[in-house]
1. Name, by its number, the condition in (1) touching a residue at least 24 places away in the same chain (Cβ under 8 Å); (2) surrounded by 14 or more Cβ atoms within 10 Å (Cβ to Cβ); (3) not charged (D, E, K, R) that does not hold for residue 171.
2. Which ones in segment 46-67 are surrounded by 16 or more Cβ atoms within 10 Å (Cβ to Cβ), more than 17 Å from residue 92 (Cα to Cα) and not aromatic (Phe, Trp, Tyr)?
3. When you look at residue 171, is it within 20 Å of residue 146 (Cα to Cα), in contact with a Leu (Cβ under 7 Å, 6 or more places away or on another chain) and modelled with pLDDT of 90 or more, yes or no?
4. Yes or no: residue 143 within 30 Å of residue 126 (Cβ to Cβ) and either of a type in the set (Lys, Arg) or in contact with a strand residue (DSSP E or B) (Cβ under 9 Å, 6 or more places away or on another chain) (or both)?
5. In segment 87-108, how many are part of a loop (DSSP other than H, G, I, E, B), on the phi < 0 side of the Ramachandran plot and surrounded by fewer than 17 Cβ atoms within 10 Å (Cβ to Cβ)?
6. Quick one: would you say residue 102 is out of contact with any strand residue (DSSP E or B) (no Cβ under 9 Å at 6 or more places or on another chain) and closer than 30 Å to residue 68 by Cα?
Amino acid sequence: MKKLNRHKKQYFILILFLFVIFYAFPDAFSEGEKLFKANKPEQAIPFFEQAILSETVSPSVYNFLGLSYYQVGKYQQSLDSFIKGTSKDGTNKRILYYNAGNTAFAMGNYSLADQYFSIAYAADNNFSSALLNRANTKMKLDKLQEASDDYTQYLVIEPNSEQRPSIEKMIALIAGELKLREEEKIAREQEELRLKEEQARIAAEMEKLRIEQEKQAAIEAERRKKLLEDIAASLQSADSTNMSAGTDGVMEYEYESELD
């Protein structure tokens with residue numbers, strides 16, 4: 001009897017689980033969306049996470065979940081949600097990559113943000129927001145010329161933008177900065193060339209000095225050698241009267257009276 005009751009309990013749990021799967025998840029998405037629009041992203045997150053488990057949920061759940069994580073400052077989870085959504089059918093990949101770019105930017109990963117904004121803009125060449133944000137990202141990466149090109153193209157797409165004066169000012173500032181950097185580069189190259197030529201002249205002069213020193217050293221060595229030879233010569237006379245037989249007497253010779 002107890003075993004039968006246990007089976008009934010397990011069966012009831014299974015039925016309840018299936019009910020949650022087929023009925024609760026769609027409601028979870030709706031509840032999450034309601035909380036998100038009420039500016040309660042933290043409360044909306046559990047519902048969106050639950051809704052993702054359903055195969056019939058709206059593809060926009062990945063975007064809503066990513067935005068909710070972003071608003072509560074959980075940037076890595078936000079980025080993961082956006083990128084995961086790009087692999088799902090029916091999702092708005094242009095928006096997901098754009099939001100991924102904004103999240104990567106907030107994380108300080110400007111190289112990654114640049115990539116995501118580029119993908120979003122490639123999906124729609126009239127996506128001016130992606131272009132503008134990419135320009136701002138390129139400024140962070142110190143890619144000034146590319147940033148200027150993006151700002152310029154943005155104004156082509158959005159000629160009546162309220163930000164036009166600020167963007168035109170930015171383009172002018174970039175042009176001035178690029179010109180200054182070019183002038184500084186030329187000045188550095190000229191200074192490097194001057195220093196190189198100066199070093200070459202110094203090296204040549206040092207070589208001349210070395211040769212002259214070696215020459216003077218050789219002359220001095222010859223002078224000292226000659227001095228030693230002169231002193232040695234003065235101590236030894238070549239006069240035959242000073243020759244000695246090695247005895248106190250005069251050398252004597254015996255002569256034969258006859259030749260054999």
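1. Of (1) touching a residue at least 24 places away in the same chain (Cβ under 8 Å); (2) surrounded by 14 or more Cβ atoms within 10 Å (Cβ to Cβ); (3) not charged (D, E, K, R), only one is false for residue 171: (1).
2. Within segment 46-67, 49, 50, 51, 54 meet the criteria.
3. Details: within 20 Å of residue 146 (Cα to Cα): yes; in contact with a Leu (Cβ under 7 Å, 6 or more places away or on another chain): no; modelled with pLDDT of 90 or more: yes.
Against the criterion (within 20 Å of residue 146 (Cα to Cα), in contact with a Leu (Cβ under 7 Å, 6 or more places away or on another chain) and modelled with pLDDT of 90 or more), residue 171 does not qualify.
4. Working: within 30 Å of residue 126 (Cβ to Cβ): yes; either of a type in the set (Lys, Arg) or in contact with a strand residue (DSSP E or B) (Cβ under 9 Å, 6 or more places away or on another chain) (or both): yes.
When the stated conditions are applied, residue 143 passes them.
5. First, the residues of segment 87-108 that are part of a loop (DSSP other than H, G, I, E, B): 87-92, 107-108.
Going one step further and asking which of them are on the phi < 0 side of the Ramachandran plot, we end up with 87-89, 91-92, 107.
When the remaining residues are screened for being surrounded by fewer than 17 Cβ atoms within 10 Å (Cβ to Cβ), the result is 87-89, 92, 107.
Selection size over segment 87-108: 5.
6. On the way: out of contact with any strand residue (DSSP E or B) (no Cβ under 9 Å at 6 or more places or on another chain): yes; closer than 30 Å to residue 68 by Cα: yes.
Considered against the rule, which asks whether it is out of contact with any strand residue (DSSP E or B) (no Cβ under 9 Å at 6 or more places or on another chain) and closer than 30 Å to residue 68 by Cα, residue 102 comes out as yes.
The values are calculated or read from the model by the stated rules, or taken from the named source; none is laboratory data. Predicted model, so just to flag it, every value in this text is computed and none were measured. Every residue, glycine as well, gets a Cβ built from its backbone with ideal geometry; the counts of neighbours run over all protein chains shown.
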